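What follows is a short report on a single structure.
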Amino acid sequence: MLDLAIIGGGPAGLTAGLYATRGGLKNVVMYEKGMPGGQITNSSEVENYPGIAKVVTGIELMQSWPEQCMRFGLKHDMSEVENINLNNDGSFKIKLSGGKEVDAISVIIATGSTPKKGGFKGESEFFGKGVSTCATCDGFFYKNKEVAILGGGDTALEEGLYLAGICSKVYLIHRRDKFRASPATIERVMKNNKIELILDSIVEEVYGDVSGVNGIKVKNLKEESIKDLKVPGIFTFVGYYVNNSVLKKEDESSICALSENGEIIVDLNMNTSIDGLYGAGDIRINAPKQVVCAASDGATAALQAISYIEKFKGE
Ligand code: FAD
Ligand code: NAP
């Protein structure tokens with residue numbers, strides 16, 4: 001039986017592994033279906049990770065993490081976890097996609113979240129080169145420039161207000177003429193003279209060249225007309241997939257409590273509703289969705305898991 005299984009090898013999972021093994025746990029495996037590093041490796045520019053003074057790519061930022069995090073004995077199994085279930089003795093059964101099953105005393109879920117795609121032409125080609133899903137991360141690169149936002153929920157409007165504080169103008173493109181964001185946020189957007197609403201419209205195409213985005217084509221669904229906006233950046237906020245499928249049972253209920261958006265409900269120590277099970281990083285409720293916060297969650301969860309495992313073993 002493993003002491004600890006960590007599901008996901010992004011900033012949260014890697015840091016959890018570092019703290020768990022450096023804290024004395026001997027038998028710790030991090031299940032990461034791809035290369036360790038997480039979604040930040042999609043970013044072309046990161047400038048807000050403390051201690052890294054120059055602007056780096058996400059890949060550069062994460063390059064040394066696996067080596068450091070595995071120095072104390074953390075093992076990486078490049079497998080996808082299918083699901084996790086509770087055993088009768090309070091330990092956990094982890095089922096891998098190939099069918100193999102592994103038991104662990106404690107589990108940290110750090111499977112992150114995946115921003116949904118807007119579905120327009122050029123979105124994947126220019127992702128990280130003008131198409132972004134993170135205003136806190138990339139907004140500053142458009143200081144005093146015009147940008148566009150796609151979406152009409154709380155995230156789109158709140159991030160629109162944030163970007164309006166940095167950029168010269170924000171075009172807010174929404175496919176309907178009603179927003180699903182909260183009334184107070186809508187009111188603030190309406191009062192902000194840097195935000196121009198483009199309603200009943202969708203983004204048809206993002207175009208550019210090797211240096212990045214040069215503009216977007218926006219289609220008005222009522223008039224069937226096309227508008228060409230010469231902006232260097234577009235932020236898409238059309239919702240998130242929370243990567244919580246590992247927690248789901250056959251009847252679609254979850255082994256621990258989730259928010260109505262599917263995020264893991266945790267307390268300040270990353271404890272879930274189940275003893276020995278922790279949530280860390282973007283997967284947990286109210287996550288700020290930043291690398292530094294995900295890493296911090298991973299460390300907190302690992303420190304909790306160490307105490308839990310000692311008690312479980314009667315040490
Ligand atoms: P993730 O990074 O999402 O890692 C989760 C990992 O779990 C993934 O590697 C995934 O492969 C793995 N996984 C998922 N399910 C399974 C499974 N079933 N089995 C095995 N493995 C699984 N933050 C900043 O602080 N600064 C920035 O400048 C910044 N820029 C960003 C730019 C972009 C384009 C994006 C998309 C995000 C950006 N972020 C930035 C946000 C940051 O990347 C996330 O907050 C952070 O990566 C979350 O870390 P995490 O470990 O919780 O999850
Ligand atoms: P969301 O509420 O699902 O909104 C997604 C928005 O994107 C909707 O306006 C939707 O349009 C639009 N959209 C979806 N797919 C699209 C596509 N392919 N092309 C164009 N537009 C598309 O997502 P969210 O804003 O990220 O919020 C997620 C949850 O977190 C919500 O429950 C939200 O209330 C909550 N949240 C709360 C706060 C807060 O409380 N302060 C902040 C952020 C998020 P339609 O409206 O037409 O469907």
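Odds and ends about this structure:
- Yes/no for I216 being of a type in the set (V, I, T), within 28 Å of V170 (Cβ to Cβ) and within 16 Å of ligand 2 (Cβ to nearest atom): yes
- If only residues of the range 129-152 that are open to solvent by less than 20 Å² (accessible area, probe 1.4 Å) and of a type outside the set (A, V, I, L, M, F, W, C) are counted, the one that is farthest from ligand 1 (Cβ to nearest atom) is G152.
- Boolean, E60 is in contact (Cβ under 8 Å) with a residue 40 or more places away in the chain, of a type in the set (D, E) and more than 16 Å from ligand 2 (Cβ to nearest atom): no
- Hits in the range 17-39 (condition: part of a helix (DSSP H, G or I) and either out of contact with any Leu (no Cβ under 8 Å at 6 or more places or on another chain) or near ligand 1 (Cβ under 9 Å from one of its atoms) (or both)): R22, Q39
- Checking each residue in the range 209-227 for being more than 28 Å from the chain's Cα centre (by Cα) and loosely packed, with under 12 Cβ neighbours inside 10 Å picks out K222, E223, E224, S225.
- Scan of the range 114-136 for residues that are part of a strand (DSSP E or B) and either within 18 Å of the chain's Cα centre (by Cα) or β-branched (V, I, T) (or both), ordered by number: T114, P115, F127, V131, S132
- Matching residues, the range 83-127, being of a type outside the set (A, V, I, L, M, F, W, C), open to solvent by 20 Å² or more (accessible area, probe 1.4 Å) and near ligand 1 (Cβ under 10 Å from one of its atoms): N83, S97, T111, T114, P115
The values are calculated or read from the model by the stated rules, or taken from the named source; none is laboratory data. A quick note: this is a predicted structure, and the numbers were derived from the prediction, not measured. Virtual Cβ from ideal backbone geometry, glycine too; neighbours counted across all protein chains shown. What goes into the accessible areas is simple: the full protein's heavy atoms, side chains included, and nothing from ligands, DNA or RNA. Shrake-Rupley method; radii C 1.70, N 1.55, O 1.52, S 1.80 Å.
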